[in-house]
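Student: What follows is a single structure, and I will ask about it in a moment.
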Amino acid sequence: MMELLSIKDMPKELKMKLLEELGYKSDGEFVLHENGKKVKDEYVDVDVTLDRMLILPGSTIILDDNPLSVASYLEEYDGLQN
Amino acid sequence: MAFEKEITAATAGATKGGLEYTEGLVKRLAKKFRDRDIAFIGDPKTIDLVKEQRKLESWTLLSKFIQTPELRRPAEMGFVLRKLEKEGEEERLQDLRRKIQNKYKSKGLHIAELVQGGILGRYINLLIDQSEEDSILKERIEEILNEIDRYVIFVKFDDKEKDVVEIIVNRLKVLVPKGMIIFSKGGCIPKASKIIKKVKKIAINYSFEKQVNDDSGSRYDFIIKKDEIVCEEK
């Protein structure tokens, strides 16, 4: 069963290290691809910020923390069953 | 140690090895993620909110009839908006409204509002009461959502009675929808009542059903097409 770990209160530095480990980075505010381009939430088309990011399986899906993106992800991947 | 505790300990410097420990922790988290054993979520309330609404009987009913993704997702978000409104979560509510509007434009937001206010649920129950077949119900429901800005009319304070009657009658005559919903609230209810009375005299091929919600001070008039088509001339 997949564990859901809330990173809402995770310190920024740790979030940045985690992103790097997963092949991304951050300028301290936004989540960036390795080439420096801002990561966009594929469902609502907003730039994802460090303080509102979700990192979900299905390769690596980085989304903004909002119900519309989460519902869209659940519909597409049928994931996050805990 | 659970990851939450490890993270707290690592950030408080309460672990042996300091930086090395933190790097090891990050590597373990990343490995678990790649193995699909862990997902990193934000506020747990977001996921709970979505999952909770999906368990509602009213969502089960709606989702049976709304399968087009562009209609289904805003409808689903209508339940979330209702919950956020009930809980007084104004900031989250406005943020979600903005995102629905950005993604699905005004039409999507109006669909979400129709569900948020419970209007769509009432409409569906009304259709079900008429013992429609599922395929016909689906067609009727998706039609009204696809053309929401034409088939759902909100009677406003500044509206002139005559103009609204004309708009409704013209749409019934020209577009021949399977249903229309006329919504009014508070001081606009007497005006809506007069409008419906006039439309009723003209649109003889439609049946009318009124529902009043005293709690919210709202009135809904559902205009539903009978088997026969064509409106009588004015």
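Student: Mind grabbing the base-10 log of I(q)/I(0) for region B:34-99 at q = 0.21, 0.27 Å⁻¹? Debye formula, identical points on the C-alpha positions, no solvent, two decimal places.
Tutor: Scattering profile of region B:34-99, log10 relative to I(0): -0.94, -1.20.
Student: Which value, in Å³ per residue, describes the convex hull spanned by the Cα atoms of region B:42-146?
Tutor: So the per-residue Cα hull volume is 93 Å³.
Student: If you don't mind, another one. Give me the three principal axis extents of chain B from the C-alpha atoms, as integers in angstrom, largest value leading.
Tutor: Between the extreme Cα coordinates on each principal axis of chain B lie 86, 37, 27 Å.
Student: Next up: Nearest 5 is fine: what % of DSSP beta bridges in chain B come out antiparallel, could you say?
Tutor: For chain B, the DSSP antiparallel bridge percentage is about 85.
Student: Any idea what the alpha-carbon Rg over 2.2 N^0.38 Å comes to for the protein assembly as shown?
Tutor: Normalised by 2.2 N^0.38 Å, the Cα Rg of the protein assembly as shown equals 1.26.
Student: Okay, moving on. Any idea what the relative contact order of chain A is, in percent, if you count C-alpha pairs under 8 Å spaced at least 6 apart?
Tutor: 24 percent
Student: For a quick check, take a GNM of chain B with Cα springs below 10 Å and name the residue from B:Gly117, B:Gly186, B:Gly108 with the largest mean-square fluctuation.
Tutor: Taking springs between Cα atoms under 10 Å, the residue moving most is B:Gly186.
Student: For chain A, divide the Cα radius of gyration by the Kirkwood radius and give the resulting Rg/Rh value with two decimals.
Tutor: So for chain A, dividing Rg by the Kirkwood Rh gives 0.94.
Coordinate-derived values only; no laboratory data. All of these numbers come straight from a predicted model, not from anything done at the bench.
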